[in-house]
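The values are calculated or read from the model by the stated rules, or taken from the named source; none is laboratory data. Everything quoted here is computed from the prediction, not taken from an experiment. For neighbour counting, all protein chains shown are included, and Cβ atoms are generated from backbone atoms with ideal geometry for every residue, glycine included. Surface accessibility is based on the protein's heavy atoms, side chains included, excluding ligands, DNA and RNA. Shrake-Rupley method; radii C 1.70, N 1.55, O 1.52, S 1.80 Å.
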Amino acid sequence: MYEFITGFMFWLSLGVCLAGMLIRTVLYFRGLAWNLDRVAYKAYPKDGFNGAMRSIYKWLLPFGTHGWRKQPFMTVIFFCFHIGAVIVPLFLVAHNLFLEKKTGLSLFTINNSVADFLTWLVVASAILIVLRRIALPEVRIMTTWYDYLIILISVLPFITGLMARYEVGNYNFWLLAHILSGEILLLAIPFTKLSHVFLFFASRAQLGMDYGIKRGGLKGTKMAW
Amino acid sequence: MPEGIFCNKKPVETEEELTALLGDTSGTQYYKEMKELDVDSKLLWTTIQNTCKSRIRTWLEICAHCGMCADSCFLYLVNDRDPKQVPAYKIQSTLGEIVKRKGKVDNEFMRMAMETAWAKCTCCNRCGMYCPHGIDMGIMFGYLRGLLYQQGFVPWEMKIGAGMHRVYRAQMDVSEEEFVETFQWMVEEYEDDYVGLTVPVDVENADIMYTVNAREVKHYPEDLAEAAILFHAAGENWTIPSKGWELTSLAMFAGDWAACKMQVESVYEAMERLKPKRMIGTECGHAHRATVVEGPYWAGRKDGRPPVESIHYIEWLAEALREGKLKIDPSKRIKQPVTLQDSCNYVRNHGLRETAREIVSYIVEPGYFRDMSPRKEHNFCCGGGGGFNGIGLFRPQRNKGLITKRDQIIATGAELVLAPCHNCWDAIRDLEEEYEIGIKWSFLKPLVISMLELPDHMKPEE
């Protein structure tokens, strides 16, 4: 069982995730149409590029935009969730030991107590994100079971990881559950709303090009949202 | 009954059809027929497949339903934070559903979508600035309007407006002769006070080709004379085209993309015929957006620009004041609390956030200008944009929408509102009528003329 999910399943989920992201990103940009979108992407590549980078950069910065500043609570839980959710899976010592064994490559690693802290932060923020969904009428009205499923898929690897980390009950069970839930997450990325992990950059780049070219960029106005 | 006599999928193409449709007062029969109008689901789905590409599809897919756009929408705020006014909800429950159901929606759904597209969104594009994913719901509502128009589910006035452009290449029934004659007549009226005032018609290779809003010709002809006075005082070499003089596009509000193309091409043809150095449009927001910002794309211009450099009136005015072509008598500057309405269509959607403020620095006595909050590209819609002002059926919703601007203006303590945009000007006039807060509002032209130091050659002999 362990061999299967760390062997075939690992390669399958990683492969599907990476290939899926690549294909969908290519399709996204190929699907942009200057005449339908009404943005002359190709006529002003430099302005478009600058607009795209600016748009992505500003929104990656906590409180970097009016939107973030307007909603401080959401901004804090959003960044706590996403910082942990990106850093821990990539830079955890145990993940990199596993990766090295599999591929001979490994990434920079973070201290285990930092990883613990960030993981708790992810779980705590996820709970707050769910509570926010339930509490605020403007969020509740749009929320469907699918939104909760996405949150569940995203947070399950962190919960199971903590259970294994603190060896609550059967360590092997939690380890298997952790690896499986991680693989489900990888498989879900290209096919669900989780595609935002890469389409966020694509979509922001598009609007950044729109502003950088058509909506004032060529006039020298850099909108600081 | 599938297709009505007035309410149907066919655009208005002739003067007779226009007259008939106008004869149906307030669209009484039109809206009655709309209740029976069939939805051509096949056409709807084919259109979506051909025109809804990765940008909008991705927007619909990755919307996280986070609700961060809620506070950005003035219609959400002013309607007691009704969750049904959250931009993401509005677009997901209309366009999102149509895409999800592959166009298989019924008449009732389409009428709900029509109300959402024209009475719950002014396409001000503010929400797009507040979405972490960069989802611009205003753009999607513009797209949805196109789908609804194609199916005949469009407010009566919008169908008429688009028809006007198709028949007259103007938003109102103003012919080319009427335009030129009205301009000439107004100039003659002012000739005694402003010596040498003329209106050069169809002059080739002029520095400026001036275009207007048909409403000025029909309802505010003094605006035409004011434009002539300022160009003359600034010593500009300018002209008006007898054909292709209409800057506006109600077709854009209606989602009639074919009419948008016809309209804007008439202006571009004038540019190509007269070869001016620049085109300057009147103080109108949506008109600038239609002809200068969106128009090039409707006309299939790959560089996204009109045939000649085209600027908004405030850009010319700021330049003329900066360069001293127009001189202001400092003693006549505005000395009362004054604020400025930033038009969504050229500030948020074309970056002109400092231009009107530069003009303010020349025409307002220091210490009297009060900015609105929020302002510049974050300013709220006047409450009447995107066609909202003109739709009788949705007048109660529009009047409610005006409250945001009313409260913004009251908070500044201003007695005068500068509104260099026809839609904003109308909305502010209507909010004063509706709520009586004791303000005045004005375009820039008459104010600048009132404080202008006339060049000697224009002064009448005593």
Can B:Glu358 be described as farther than 27 Å from B:Leu250 by Cβ and within 14 Å of another protein chain (Cβ to nearest Cβ)?
yes
Residue under question is B:Leu44, and the condition is that it be open to solvent by less than 10 Å² (accessible area, probe 1.4 Å), closer than 24 Å to A:Asp37 by Cβ and either of a type outside the set (Phe, Trp, Tyr) or outside the structural domain of B:Gly103 (by TED's automatic domain parsing) (or both); does it hold?
yes
From the list A:Leu36, A:Leu105, A:Leu18, A:Leu99, which residue is out of contact with any strand residue (DSSP E or B) (no Cβ under 8 Å at 6 or more places or on another chain), assigned to a helix (DSSP H, G or I), without any contact (Cβ under 8 Å) to a residue 24 or more places away in the chain and open to solvent by 70 Å² or more (accessible area, probe 1.4 Å)?
A:Leu18
Is it the case that some residue within segment A:53-75 is touching a residue at least 24 places away in the same chain (Cβ under 8 Å), open to solvent by less than 80 Å² (accessible area, probe 1.4 Å), out of contact with any Asp or Glu (no Cβ under 6 Å at 6 or more places or on another chain) and away from chain B (no Cβ under 14 Å)?
no
What are the residues in segment B:288-312 that are of a type in the set (A, V, I, L, M) and within 12 Å of chain A (Cβ to nearest Cβ), if any?
B:Ala290, B:Val292, B:Val293, B:Ala299, B:Ile311
Kindly indicate which of B:Glu269, B:Glu216 is free of Cβ contacts under 8 Å to residues at least 40 places away in the same chain, in a helix (DSSP H, G or I) and under 24 Å from the mean Cα position of the chain (by Cα).
B:Glu269
Scanning segment B:183-212 residue by residue, those charged (D, E, K, R) and open to solvent by less than 60 Å² (accessible area, probe 1.4 Å) turn out to be B:Asp202, B:Asp207
Inside segment B:150-205, the number of residues satisfying the requirement of being hydroxyl-bearing (Ser, Thr, Tyr) and closer than 30 Å to B:Asp40 by Cβ is 1
Just checking, which of B:Pro460, B:Pro455 is touching a residue at least 60 places away in the same chain (Cβ under 8 Å) and open to solvent by less than 40 Å² (accessible area, probe 1.4 Å)?
B:Pro455
Counting just the residues of segment A:41-52 that are part of a loop (DSSP other than H, G, I, E, B) and crowded, with 19+ Cβ neighbours inside 10 Å, which one comes out nearest to the chain's Cα centre (by Cα)?
A:Tyr41
Condition set more than 21 Å from B:Cys382 (Cα to Cα) and buried (at least 21 other Cβ atoms within 10 Å of the Cβ), scope segment B:66-87, selection nearest to the other protein chains (Cβ to nearest Cβ): answer is B:Gly67
Here is a list of conditions, (1) open to solvent by less than 50 Å² (accessible area, probe 1.4 Å); (2) away from every other protein chain (no Cβ under 14 Å); (3) of a type outside the set (Asp, Glu), and A:Thr25 meets all of them except one; can you say which number that is?
(2)
Going by the structure shown, is B:Gly161 within 30 Å of A:Lys70 (Cα to Cα) and either under 16 Å from the mean Cα position of the chain (by Cα) or open to solvent by 10 Å² or more (accessible area, probe 1.4 Å) (or both)?
no
Among the residues of segment A:95-145, what is the count of those that are of a type in the set (Asp, Glu) and over 23 Å from B:Asp71 (Cβ atoms)?
2
Only helices (runs of 4 or more DSSP H) wholly contained in segment A:115-225 count here; list those with 2 or more residues that are facing another protein chain (nearest Cβ under 10 Å), more than 25 Å from A:Ser13 (Cα to Cα) and at pLDDT 95 or above.
A:137-140, A:196-209
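With respect to B:Glu315, determine if the residue is closer than 18 Å to B:Val448 by Cα and within 14 Å of another protein chain (Cβ to nearest Cβ).
Considered against the rule, which asks whether it is closer than 18 Å to B:Val448 by Cα and within 14 Å of another protein chain (Cβ to nearest Cβ), B:Glu315 comes out as yes.
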Given (1) in a helix (DSSP H, G or I); (2) aromatic (Phe, Trp, Tyr); (3) in the same structural domain as B:His288 (by TED's automatic domain parsing), index of the condition B:Tyr210 fails:
(1)
Can we say B:Ile391 is in contact with a Lys or Arg (Cβ under 8 Å, 6 or more places away or on another chain), buried (at least 19 other Cβ atoms within 10 Å of the Cβ) and not charged (D, E, K, R)?
yes
Checking B:Gly285, B:Gly281 in turn, the sole residue that is out of contact with any Lys or Arg (no Cβ under 8 Å at 6 or more places or on another chain), within 24 Å of B:Ala427 (Cβ to Cβ) and away from every other protein chain (no Cβ under 14 Å) turns out to be B:Gly281
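Looking at B:Ala233, is it open to solvent by less than 30 Å² (accessible area, probe 1.4 Å), outside the structural domain of B:Asn423 (by TED's automatic domain parsing), more than 24 Å from the chain's Cα centre (by Cα) and of a type in the set (A, V, I, L, M, F, W, C)?
yes
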So which residues in segment B:114-129 are more than 18 Å from the chain's Cα centre (by Cα) and either surrounded by 24 or more Cβ atoms within 10 Å (Cβ to Cβ) or basic (Lys, Arg) (or both), if there are any at all?
B:Met114, B:Cys127, B:Gly128
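Counting only residues that are within 22 Å of A:Val26 (Cβ to Cβ) and surrounded by 22 or more Cβ atoms within 10 Å (Cβ to Cβ), how many does segment A:196-211 have?
Going residue by residue through segment A:196-211, those that are within 22 Å of A:Val26 (Cβ to Cβ) are A:196-210.
So of that shortlist, the ones also surrounded by 22 or more Cβ atoms within 10 Å (Cβ to Cβ) come out as A:199, A:202-210.
So the answer is 10.
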Flag for B:Arg215 being more than 21 Å from B:Pro306 (Cα to Cα), surrounded by fewer than 22 Cβ atoms within 10 Å (Cβ to Cβ) and basic (Lys, Arg):
yes
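Can you spot a residue in segment B:449-458 that is at positive phi and small (Gly, Ala, Ser)?
Among the residues of segment B:449-458, not one is at positive phi and small (Gly, Ala, Ser), which makes the answer no.
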